[in-house]
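Working notes, structure below.
The values are calculated or read from the model by the stated rules, or taken from the named source; none is laboratory data. Just so we're clear, the structure is a prediction, and the values are computed from it rather than from any experiment. Backbone-built Cβ (ideal geometry, glycine too); neighbour counts: all protein chains shown.
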Amino acid sequence: MTQRRVISVIVLNEHGVLTRITGLFAARGYNIETLTVAPIPKSKYSRLTIVTKGSPRVIEQIIKQLHKIIPVYKVIEHSELVEKEMVMAKIPLEERLADVEALCRAYNGNIVNIGKDSAIIMAADEPQRIGNFIEALRRFNPKEIVRSGVVAIER
Amino acid sequence: MADMSGAQMVVEAMRREGVEVVFGYPGGAIMNVYDEIYKHRYFQHILTRHEQAAVHAADGYARATGKVGVAFVTSGPGFTNAVTGLATAYMDSIPLVVISGQVPLSMIGTDAFQEIDAVGISRPCTKHNYLVQSVEELPRILAEAFYIARSGRPGPVHIDIPKDVTAQVGPFNYPEEVRLETYRPTIRGNMRQIKKAVEAIREAKQPLFYLGGGIIHSGSADLVRKLVDATQIPAVETLMARGTLPYDHPQLLGMVGMHGSYAANMAMSEADLLIALGPRFDDRVTGKLSEFARYAKIIHVDIDPSSIGKLVHVHYPIVGDLKAVLEEMVPLVEERIDPGRYQQWRQTLNHYNELHPITFEDSDEVLKPQWVIRRIGERLKGRARIATDVGQHQMWTAQFYPFTRPREFITSGGLGTMGFGFPAALGAKRAVGDGEVVVNISGDGSILMNIQELITAVQYRLPVINVILNNNYLGMVRQWQTFFYDKRYSETDLSIQPDFVKVAEAFGGVGYRVSTKEEFDQALDDALNRGVVALIDVVVDRHENVLPMVPAGGSLYNMLLEYKD
């Protein structure tokens, strides 16, 4: 019974700490769907948000094994949380940008840059809706799509 | 405190931590540290002849004493040679601090001479590791390393120090006490859980103590003995827990697992409650997981939460230091449990024991390895430390040696490292001194994996007695080939061998080759009397198997009790 889980890991912001986390996932065969990292403002810690999949026992082990890593301060297994993900894409200028913009707005986004031959757009929404957005975007022939991975915060 | 160089800091930290011996091997990147060792001599340095042996020796010292073992190696190959030692200690939760030299900071990442990504390699086989970035952080890291190695679930810690850091000078601010915000092992068990567990014991009809290595690490064998005596509940020991109960304890059913006793494995299979004290449900113990302890509820006490529920569902998890938990548990048990309750259960298990005891068929024509081990036990019971390598001889030792106390048995359980026994025995001998004999029981395969340490033993007068149970085979693999591979003895025949007597003599020790009981007795007596480094090459039955056996992946209650050709 595989389930999707969002786990936040608060770690000491020191060199090599990310390797300790990803190494753990790699060595034990755990799956990482997305991973985002950034320092927590005004602290010596960073926050990692990991989206993973596994059976309840695997998820339990992941959390316990993460706890065991010495520079890990806290592991938060989210149940009640708000998740957001960002996506950026390059759309050729020949496409109908008014339609593109309307689509972006529906997903908390916008056109953020217009270059010589393409427009850069962004959207920020729930991960699943970002998936839908990317599907809808296909008809505008995006040249490149970049997803950020999930960030999450508890309700 | 005055400023000092990084190398001085290393030596000073050893003094502060009360380190009396360091095992190691110098080389380019760690020469600054060795220069300080030359000047100070706060501790003895034992020069092994291979870095792997240095770490195993530190490990043997740690297993014999419970203190942190220390090893120094250089960068590159010095470090990579040490990795097997780190992994061995990691799997068995042995506290070590291993310091390696590294190329100077400015050269890291340039593929410099003897450069290797040491922390990248040691990360998965240490409890924690450090690459030191500046001399300012070195004192803190040294103190943290010792603290992390010995606290919580113990384990090896590796510090990689670039050569320029050992030369730089900085303030030596050695923390009196280490406190880490991100690392706080749970010591005290949850009292409500402990009470629930005691109630479960009270209600059980067929409870069983499943004793693991955590008992030895936490120093709680005395409390376990109290607990077993107060309840008279039968007990089984894992390989790592041997010696928790004395071999002749009335409740001890012997070792559990692949080569455990019939009674121990049947007890596991029929128990209605397992009281697991510091084991980790290793596959060599549980056999087929779906059939493991199928009628039992499980109480599991462990300091490492990730050990609990990792493989088997646990009904009463208790996270905490075993000693602290047992201190709470013993009085409750003494007050609440009536030992008479389990009389029937004990009788059943005693019956199993009478049915299929751990035994062997002795012979007058050829020496049986089991006889040799039993003989060593008769001669040295209670006054020797017994190290082993890995293979048949290790399992026979676990089955037949009369263990009387914790830390008596020094063996690589989790990683199963051949070549561990001799250097570990050297470390143990250094720890126990003249008062106790140290015997390394080995095989003709294993002993060659660190035979060069004979010279270390001779140089430092560490008279370890090596008993080689020589069957001209890689015996355990040969046994599996006999049982499971239609006797296709692929690369296990060791008929071509060195003359072990001459090997011993060439290094300055004494060698014996024996093939009868009388000769063995004489050789052992002679080695004991002379107090020198010895190799006793014992010619044993080539085809003896370790029995009983649970084939890998099989259920504990399906044991192979005999093998007939």
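Might you check whether a residue that is assigned to a loop (DSSP other than H, G, I, E, B), more than 23 Å from B:T417 (Cα to Cα) and modelled with pLDDT of 95 or more occurs anywhere in segment B:87-101? Please lay out each step first, then the result.
Going through segment B:87-101, the residues assigned to a loop (DSSP other than H, G, I, E, B) turn out to be B:92-95.
Among the residues that remain, those that are also more than 23 Å from B:T417 (Cα to Cα) are: none.
No, segment B:87-101 has no match at all.
Yes/no matrix, rows are residues, columns are (1) out of contact with any Gly (no Cβ under 8 Å at 6 or more places or on another chain); (2) in a loop (DSSP other than H, G, I, E, B):
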{"position": "B:G18", "(1), (2)": "yes, yes"}
{"position": "B:F23", "(1), (2)": "no, no"}
{"position": "B:V33", "(1), (2)": "no, no"}
{"position": "B:E36", "(1), (2)": "yes, no"}
{"position": "B:D59", "(1), (2)": "no, no"}
{"position": "B:A62", "(1), (2)": "no, no"}
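Could we say that B:Q52 is more than 15 Å from B:I159 (Cα to Cα), in contact (Cβ under 8 Å) with a residue 24 or more places away in the chain and under 21 Å from the mean Cα position of the chain (by Cα) here?
In short, yes.
Give the residue that is modelled with the lowest pLDDT, with candidates limited to residues of segment A:17-36 that are loosely packed, with under 15 Cβ neighbours inside 10 Å and at the interface with chain B (Cβ under 8 Å from one of its Cβ atoms).
It comes out as A:A27.
Please specify each residue of segment B:250-285 satisfying the condition of being assigned to a loop (DSSP other than H, G, I, E, B) and of a type in the set (F, W, Y).
Scanning segment B:250-285 gives a single hit, B:F281.
Name the pairs whose Cβ atoms lie under 7 Å apart, with the first residue in segment B:428-453 and in contact (Cβ under 8 Å) with a residue 12 or more places away in the chain, the second acidic (D, E), and 6 or more positions between them or separate chains?
B:S442/B:D389; B:G443/B:D389; B:S446/B:D389; B:I447/B:D389
Here are some residues: B:L47, B:L96. Which one is closer than 26 Å to B:Q452 by Cβ and surrounded by fewer than 19 Cβ atoms within 10 Å (Cβ to Cβ)? Reasoning before the result, please.
Details: B:L96 fails: surrounded by fewer than 19 Cβ atoms within 10 Å (Cβ to Cβ).
Answer to the selection: B:L47.
Tell me, yes or no, whether segment B:549-556 has at least one residue that is at positive phi and not in a strand (DSSP E or B).
yes
Name the single residue that is nearest to the other protein chains (Cβ to nearest Cβ) among those in segment B:103-135 being free of Cβ contacts under 8 Å to residues at least 24 places away in the same chain and of a type in the set (G, A, S).
B:G120
Quick test for you: out of B:L245, B:L227, pick the one residue that is part of a loop (DSSP other than H, G, I, E, B) and modelled with pLDDT of 95 or more.
Numbers: B:L227 fails: part of a loop (DSSP other than H, G, I, E, B).
Every option except B:L245 fails the conditions.
How many of the residues in segment B:303-316 are in a strand (DSSP E or B) and either of a type in the set (V, I, T) or within 11 Å of chain A (Cβ to nearest Cβ) (or both)?
0
Can you spot a residue in segment A:71-92 that is within 14 Å of another protein chain (Cβ to nearest Cβ), outside any strand (DSSP E or B) and under 26 Å from A:E154 (Cβ atoms)?
For segment A:71-92, residues within 14 Å of another protein chain (Cβ to nearest Cβ), outside any strand (DSSP E or B) and under 26 Å from A:E154 (Cβ atoms): present.
Which of the residues spanning segment A:39-58 are free of Cβ contacts under 8 Å to residues at least 40 places away in the same chain and either outside any loop (DSSP other than H, G, I, E, B) or within 14 Å of another protein chain (Cβ to nearest Cβ) (or both)?
A:P39, A:I40, A:S43, A:K44, A:Y45, A:S46, A:R47, A:R57, A:V58
Out of all the residues in segment B:443-453, is one or more in contact with a Phe, Trp or Tyr (Cβ under 6 Å, 6 or more places away or on another chain), assigned by TED's automatic domain parsing to the domain that holds B:A504 and farther than 25 Å from B:S218 by Cα?
Yes: segment B:443-453 contains one or more residues that are in contact with a Phe, Trp or Tyr (Cβ under 6 Å, 6 or more places away or on another chain), assigned by TED's automatic domain parsing to the domain that holds B:A504 and farther than 25 Å from B:S218 by Cα.
Looking at segment B:13-33, which of the residues that are surrounded by 20 or more Cβ atoms within 10 Å (Cβ to Cβ) and within 18 Å of B:P162 (Cα to Cα) is nearest to the chain's Cα centre (by Cα)?
Within segment B:13-33, the match that is nearest to the chain's Cα centre (by Cα) is B:G24.
Taking into account only those residues within segment A:1-16 that are under 19 Å from the mean Cα position of the chain (by Cα) and surrounded by fewer than 16 Cβ atoms within 10 Å (Cβ to Cβ), which is farthest from the other protein chains (Cβ to nearest Cβ)? Please lay out each step first, then the result.
Keep residues of segment A:1-16 that are under 19 Å from the mean Cα position of the chain (by Cα), which gives A:3-11.
Applying the additional criterion that residues be surrounded by fewer than 16 Cβ atoms within 10 Å (Cβ to Cβ) yields A:3-4.
Working: A:Q3: 17, A:R4: 21 Å.
If we take residues in segment A:1-16 being under 19 Å from the mean Cα position of the chain (by Cα) and surrounded by fewer than 16 Cβ atoms within 10 Å (Cβ to Cβ), then A:R4 is farthest from the other protein chains (Cβ to nearest Cβ).
Going through segment B:194-213 one residue at a time, which ones are more than 20 Å from B:H249 (Cα to Cα) and either aliphatic (A, V, I, L, M) or within 30 Å of the chain's Cα centre (by Cα) (or both)?
B:I194, B:A197, B:V198, B:A200, B:I201, B:A204
From B:T388, B:T411, B:T417, B:T397, grab the single residue that is over 18 Å from B:G254 (Cβ atoms), of a type in the set (S, T, N, Q) and either in contact with a Cys (Cβ under 9 Å, 6 or more places away or on another chain) or buried (at least 19 other Cβ atoms within 10 Å of the Cβ) (or both).
After ruling out the rest, the residue left standing is B:T417.
Checking the condition in contact with a Phe, Trp or Tyr (Cβ under 7 Å, 6 or more places away or on another chain) and among the polar types (S, T, N, Q), which residue from B:Q251, B:Q168, B:Q193 passes?
B:Q193
Can you name every residue in segment B:287-335 that is farther than 23 Å from B:M255 by Cβ, among the hydroxyl-bearing types (S, T, Y) and out of contact with any strand residue (DSSP E or B) (no Cβ under 8 Å at 6 or more places or on another chain)?
Matches in segment B:287-335: B:S306 only.
With the structure loaded, tell me whether B:R461 is over 19 Å from the mean Cα position of the chain (by Cα), free of Cβ contacts under 8 Å to residues at least 40 places away in the same chain and outside any helix (DSSP H, G or I) or whether it fails that test.
For B:R461, the condition - over 19 Å from the mean Cα position of the chain (by Cα), free of Cβ contacts under 8 Å to residues at least 40 places away in the same chain and outside any helix (DSSP H, G or I) - is met.
Considering only residues that are of a type in the set (D, E, K, R) and surrounded by fewer than 14 Cβ atoms within 10 Å (Cβ to Cβ), look in segment A:37-73 and name the one that is nearest to A:R129 (Cα to Cα).
That would be A:R57.
Can you tell me which residues in segment B:345-365 are in contact with a strand residue (DSSP E or B) (Cβ under 7 Å, 6 or more places away or on another chain) and more than 16 Å from B:V546 (Cβ to Cβ)?
Correct list: B:L349, B:N353.
In segment A:77-95, which residues are touching a helix residue (DSSP H, G or I) at 6+ places or on another chain (Cβ under 9 Å) and modelled with pLDDT of 90 or more?
Within segment A:77-95, A:E83, A:K84, A:E85, A:M86, A:V87, A:A89, A:I91, A:P92, A:E95 qualify.
Name the single residue that is nearest to B:G18 (Cα to Cα) among those in segment B:162-205 being within 14 Å of chain A (Cβ to nearest Cβ) and surrounded by 13 or more Cβ atoms within 10 Å (Cβ to Cβ).
Restricting to residues being within 14 Å of chain A (Cβ to nearest Cβ) and surrounded by 13 or more Cβ atoms within 10 Å (Cβ to Cβ), the top hit is B:V178.
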